[in-house]
Amino acid sequence: MTKDSTIKIVITGGAGFIGSNLCEYFLSKRYQVVCLDNFATGHRHNLAAFSNDNNFTLIEGDIRNMEDCQRAVLGADYVLHQAALGSVPRSINDPVTTNQVNVSGFLNMLEASRAAKVKRFVYAASSSTYGDSEALPKIEENIGKPLSPYAITKYVNELYADIFSKTYGLETIGLRYFNVFGRKQDPNGAYAAVIPKFVMQLMNHQSPVINGNGDFSRDFTYIDNVIQMNELAMVTQNAEAINTVYNTAFGDRTTLNDLVKYLKEFLSQYDPAIANIPIVYGPNRAGDIPHSLASIEKAKKLLSYRPEFSMQNGLKQAVAWYWHNLK
C-alpha cells in the first residue's frame, strides 16, 4: 500500500480541464491536493472520480477574493495555478472580466503564496504571449506584441511572477501552454476549444466550421505532456531551471485541415458515416495568429522534458474518451 504524502499541492481551477487532470494525477501519487475553483468554467463532474478521496479537499472560492486564496494556500508546499478565463474571443468580448480574473486573481494568488511561504509557484502561461511575432519555432526569449486582451493578461502574469521571484524570493515557473487537448476538455459553450467542439459536431453528424481556409497551424499538445511538465516544474532541483518560463508543447504543428482529417479517420472507426461529413469554411477569427510551433529545447535541457504523446497519438486517446464518455 502506498503511503500518503505529507506534501500539499494547491491546484487553482482544479475543476477545469487541465486542473482536474492534474488533481487526478497527483492524487494517484498520494499527494495531498487542494482544489480551489468557483465553477465559472469548471465542472463538478470533473471531480467526481476522486471527490471522496481522503487526500482531496475542495474549496469553492474565487481567486479574485484574497481570503479564498489565503485559505487555499494555508500550509501548502506547492501551487499549480491553472485558474483563468481562457479564450481569445471571450477576452475581446469582455476584456474587463478577463483582466480581473487573469491579472488581479493571479496577483492575489502570488501574494497569498508568498505570505504562506509556499516553496514554488508553477503557473499556466500561454503561447498567446508570442503575439505578432512571426518567427517559427517560438523560442521563449523572443516574443512579439500581444494580439488580444487575453494575451496581455498572460504576459502580465509572467512579469508579475518575475518580479515576485526577484523581489520576494518566491520560486516561480511559467508554462506557456500550446493548444492543450484531451480527456475532460469541455465541448460545449460559446468558447469551446476547437478539438472537443469538432469531435462533438462530427459525432452528431454536423459539419465542423473551420475559420479561414484551414491552412492555419497549431502545436496541439496532449494533456499528458502538460501533466509531465507541471510535475517536472514542481520537483526540479536545478537552480537554473527556476524563475523562468517554458514552452509546453510537443514541438510539431498540424493544420486545421489535417486536424479534421485525423478526427474523421479516428471517429469513423466507431461510426463509418463520419468519414463522409463535409467541412464548412468561415471567416478568420479576430486575434488569431496564422501559425504556432514551439521550440521545446529549453524544457528538454533544463527540466529533462520528454513528451510522450504526439498530436496523433493523443488525438486517438482523446477521441476514444469522448466516444465512450459523451456519446
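Table for the structure above
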| quantity | calculated |
| --- | --- |
| Matching residues, region 106-123, being among the aromatic types (F, W, Y) and out of contact with any His (no Cβ under 6 Å at 6 or more places or on another chain) | F106, F121 |
| Every residue from region 308-324 that is touching a Lys or Arg at 6+ places or on another chain (Cβ under 9 Å) and closer than 26 Å to S133 by Cβ | M311 |
| Of the criteria (1) more than 15 Å from F266 (Cα to Cα); (2) open to solvent by 30 Å² or more (accessible area, probe 1.4 Å); (3) in contact with a Leu (Cβ under 8 Å, 6 or more places away or on another chain); (4) at pLDDT 95 or above, which one L303 fails | (2) |
| Which numbered condition Q228 fails, given (1) under 30 Å from D77 (Cβ atoms); (2) open to solvent by 30 Å² or more (accessible area, probe 1.4 Å); (3) in a loop (DSSP other than H, G, I, E, B) | (3) |
| Search result, residues across region 45-60 that are of a type outside the set (D, E, K, R) and open to solvent by 60 Å² or more (accessible area, probe 1.4 Å) | H45, A48, A49, N52, N54, T57, L58 |
| Any hit, region 61-72, residues being crowded, with 24+ Cβ neighbours inside 10 Å and either among the hydroxyl-bearing types (S, T, Y) or within 26 Å of A192 (Cβ to Cβ) (or both) | yes |
| Qualifying residues in region 6-44 (those that are in a helix (DSSP H, G or I) and among the charged types (D, E, K, R)) - the one most open to solvent (accessible area, probe 1.4 Å) | R44 |
| Qualifying residue in region 163-178 (condition: at pLDDT 95 or above and closer than 19 Å to N211 by Cα) | yes |
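The values are calculated or read from the model by the stated rules, or taken from the named source; none is laboratory data. The model shown is predicted, which means the values in this text are computed figures rather than measured ones. Glycine also receives a Cβ, built like all others from the backbone with ideal geometry; neighbour counts cover every protein chain displayed. All accessible areas refer to the heavy atoms of the entire protein, side chains included, with ligands and DNA or RNA removed. Shrake-Rupley method; radii C 1.70, N 1.55, O 1.52, S 1.80 Å.
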